[in-house]
Amino acid sequence: SSKFKNSDLSLKIKAKDGKLLKAKSVIAEGIGDAKLILAGERVILNLLQHLSAVATLTNQFAQVLNNKKIKILDTRKT
């Protein structure tokens, strides 16, 4: 949206990709215009929840298989 075109927003990622996180872990910290943050907050939270659920389920499958020779693969169409 043009109303946020010149707004500054900084985001620092705190969690490493692929790392198992504990409950209430800080994933990222952001600083910026409150309107911009609030405008995108719900979308960002929904995306993080979805991606976390996929990662958790994939990890559960990998734990059950317990075999490094077997790879769990996915495509965008599944």
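Report the charge-dipole magnitude of the chain in Debye, nearest 20, computed about the Cα centre from +1 at each Lys and Arg Cβ and -1 at each Asp and Glu Cβ.
300 debye
Ignoring ligands, DNA and RNA, what accessible area per residue does the chain give at 1.4 Å, in Å²?
Result: 100 Å² per residue.
Put +1 on the Cβ of each Lys and Arg and -1 on the Cβ of each Asp and Glu in the chain; which of N59, A15, I27 then has its Cα farthest toward the positive end of the dipole?
Result: N59, furthest along the dipole toward the positive end.
Averaging sequence separations of C-alpha pairs under 8 Å and six or more residues apart, then dividing by the length of the chain, give the relative contact order as a whole percent.
Values: 34 pairs, mean separation 18.6, N = 78.
Normalised by residue count, the contact order of the chain is 24 percent.
Roughly how many percent of the accessible protein surface of the chain is carbon and sulfur, given a 1.4 Å probe and a whole-percent answer?
Using a 1.4 Å probe with all protein chains present, the chain comes out at 57 percent carbon and sulfur.
Cα axis of helix 34-65 to longest principal axis of the chain: angle in degrees, 0 to 90, nearest 10?
Orientation of helix 34-65: about 0 degrees from the principal axis.
With each run of n ≥ 4 DSSP H residues scored as -39500 (n - 2.57), what mean residue ellipticity at 222 nm is computed for the chain after dividing by its residue count and rounding to the nearest 500 deg cm²/dmol?
Computed ellipticity for the chain at 222 nm equals -15000 deg cm²/dmol.
The values are calculated or read from the model by the stated rules, or taken from the named source; none is laboratory data. Worth saying up front: this structure is predicted, and the values here are computed from it rather than measured. All Cβ positions, even for glycine, are placed from backbone atoms using ideal geometry, and neighbour counts span all protein chains on display. Just so you know, the surface numbers come from the protein's heavy atoms only, side chains and all, with ligands and any DNA or RNA stripped out. Shrake-Rupley method; radii C 1.70, N 1.55, O 1.52, S 1.80 Å.
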